[in-house]
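Coordinate-derived values only; no laboratory data. Bear in mind that the values here come from a model prediction, so they are computed numbers and not experimental data. Cβ placement follows ideal geometry from the backbone for every residue including glycine, while neighbour counts extend to all protein chains displayed.
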Amino acid sequence: MCVFMGNVSKAKLTLMGGVMKFNTIEWINGNIRIIDQTLLPVREEYKDIETVDELIEAIKSLRLRGAPLIGVAGAYGAAIAARECMSINIYDEYVDSLFLKIKKIEESRPTAINLKNCINRSKMIINNILNENMPKDKKILADSEFQSFKLKIYDALMKNAIETHKEDEQICEQIGIYGNQLINNNETILTICNAGSLATSAWGTALATIYKAYESGKKVKVYSCETRPLLQGSRLTAYELMKKGIEVTTICDNMAGFLMQQKKIDKIIVGADRICRNGDFANKIGTYTLAVLADYHKIPFYVAAPYTTFDTKAKDMEDIPIEERDADEVRKFQGIQTAPTSVNVYNPAFDKTPNKLVSGIITEKGILMPPFVESISKYLDQY
């Protein structure tokens, strides 16, 4: 298990418009600083990540989670990988080692496409420098030239990571601005998992729409599905909404249908981990169930996500890989046995929802409406 190095401090909140912002990820003294989300809501601690292995451990253990936030972390991770390779003085060994480290980061979570998209951007930067700056005969490089070359790659990756971080903050705020247009005063929103400030650099995706509605003076109430088996809804979404003064009620996942039947839900807004070119999407397990129930009860069902969540190569949901996690996440909770030790467990982290159940997709460029093949194509053409 990774031992995080560096200072550990109490979580800090800064103003974000009329609400509060978590410093979910920062670059401080050459390290990635994150809030350890496995400790919430009991303890609020920041921890430093110094190495690629520590970053991978943080992503896999969900200390660091949320598709957009993992993407930003991946961009910083590519820079850390370049730093770790600085001592390698053989060209081919340097290149192979750098790309291997970056590949390991990319593979740490298979479903969330933001990580892959941000890593691909880092790879492109490296390849551009390799193609433009290297002589055909690599052996003629002097030691000083090779060191300068490696520094150029590190600096370019660092610049990209900072830009990716800033872009994520700006994009998520824009998602909130557009999503606010869908929310009326005194409405009640249902959501699942955590698609808020803790899942991004700032604002969130699904919760950004609620934060902007709240900031504009609207009265909004939220029901948060607890999100079994790791309770990201009750541990994280309820936690951050309460921190920001927004009324929230936590429910067990299997209570959602009854709430809809009682006409207590006006809209459902969720995040996404991967969106296909036709509008099919993957999100936290339980999302598909909500979409089916919303369709039956005629409740609008919206997805909120940035462009980095779109998989341009995925035609439909059949192209989405689904991560399966450890069985003990279901058999136990925080070390306490909740099921027989030998019982069989099926533990997919995500499910897939077809586009016909989606009312609209809230993006930083506006709200995409059906038919999604056309609206998504036009949206992606802007990038």
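Taking the 0 to 90 degree range and rounding to the nearest ten, how far is the long axis of helix 206-215 tilted relative to the main principal axis of the chain, both from C-alpha atoms?
Between the helix axis and the principal axis of the chain, the angle is about 70 degrees.
Within a 10 angstrom radius of the beta carbon, how do TRP203, TRP27 rank from fewest other beta carbons to most?
On the way: TRP203 28, TRP27 15.
Taking fewest neighbouring Cβ atoms as first place, the list is TRP27, TRP203.
To make sure I understand the rule: partners must be lysines, Cα under 16 Å from the Cα of LYS159, and not fewer than 8 residues away in the same chain. Which ones qualify?
Leaving aside lysines fewer than 8 places away in the same chain, those within reach of LYS159 are LYS123, LYS150.
Multiplying the sequence separation of GLN181 and GLU145 by 0.36 nm and subtracting their Cα-Cα distance, what value in nm do you get?
This chain segment gains 7.5 nm when fully extended.
Which order, highest average first, do 228-240, 102-114, 175-187, 309-321 follow once you tally other Cβ atoms within 10 Å for each residue and take the mean per peptide?
Final packing ranking: 228-240, 102-114, 175-187, 309-321.
Can you tell me the relative contact order of the chain? Whole percent, Cα pairs under 8 Å, sequence separation 6 or more.
Values: 743 pairs, mean separation 57.7, N = 383.
It rounds to 15 percent for the chain.
Can you give me the distance in nm between label points at VAL373 and GLU84, each placed 7 Å from the Cα along the Cα-to-Cβ direction?
About 4.3 nm separates the two model spin labels.
Give the shape of region 214-265 as rounded, prolate or oblate, defined through the alpha-carbon gyration tensor: a ≥ b ≥ c are the square roots of its eigenvalues, a/c under 1.5 means rounded, and otherwise the shape is prolate if a/b is larger than b/c and oblate if not. Walk me through the numbers on the way to the answer.
Details: a/c = 3.66, a/b = 1.20, b/c = 3.05.
The shape class here is oblate.
Relative to the longest principal axis of the C-alpha atoms of the chain, give the angle of the C-alpha long axis of helix 67-84, reported between 0 and 90° and rounded to the nearest 10°.
So the helix axis and the longest Cα principal axis differ by about 10 degrees.
Given the chain, report the % of alpha carbon pairs whose separation exceeds 42 Å.
Working: 9018 of 73153 pairs.
Roughly 12 percent, once rounded to a whole number.
DSSP beta bridges in the chain, what fraction antiparallel, as a percent rounded to 5?
Numbers: 27 of 47 bridges.
Antiparallel bridges: around 55 percent, rounded to the nearest 5.
Treat each spin label as a single point 7 Å out from the Cα along the C-beta direction, and report the VAL343 to ILE322 distance in nm.
2.0 nm
If I model a spin label as a point 7 Å beyond the Cα along the Cα-Cβ vector, how far apart are those points for VAL292 and ILE162 in nm?
In this crude spin-label approximation the distance works out to 4.9 nm.
If you take the square roots of the eigenvalues of the alpha-carbon gyration tensor of region 176-380 and sort them as a ≥ b ≥ c, do you get rounded (a/c under 1.5), prolate (a/b over b/c) or oblate? All intermediate terms of the calculation are to be shown ahead of the outcome.
Working: a/c = 1.65, a/b = 1.16, b/c = 1.42.
Verdict is oblate for region 176-380.
At a Cα cut-off below 15 Å, give the aspartates and glutamates reachable from LYS104, other chains included and same-chain residues fewer than 8 away excluded.
Once the sequence-local aspartates and glutamates are set aside, what remains near LYS104 is ASP53, GLU54, GLU57, GLU84, ASP96.
Can you pick out the pairs among LYS60/LYS166; LYS267/LYS352; LYS212/LYS264 whose Cα atoms lie more than 30 Å from each other? Intermediate values should be presented prior to the final figure.
Working: LYS60/LYS166 24 Å; LYS267/LYS352 20 Å; LYS212/LYS264 22 Å.
None, as every Cα separation is 30 Å or less.
Which of the aspartates and glutamates could a cross-linker span from LYS244 if the Cα-Cα distance has to be under 17 Å and same-chain partners fewer than 8 positions apart are dropped?
Straight-line reach from LYS244, under 17 Å: GLU44, GLU173, GLU215.
Give the angle, between 0 and 90 degrees and rounded to the nearest 10, that separates the Cα long axis of helix 113-133 from the longest principal axis of the Cα atoms of the chain.
The two axes meet at around 20 degrees.
May I ask you to sort LEU62, LEU207 by Cβ crowding, counting other Cβ atoms within 10 Å and putting the fewest first?
Numbers: LEU62 17, LEU207 34.
With the sparsest Cβ surroundings first, the list reads LEU62, LEU207.
List SER224, SER359 from most exposed to least, where exposure is judged by having the fewest other Cβ atoms within 10 Å.
Values: SER224 27, SER359 19.
Least crowded to most crowded, the residues run SER359, SER224.
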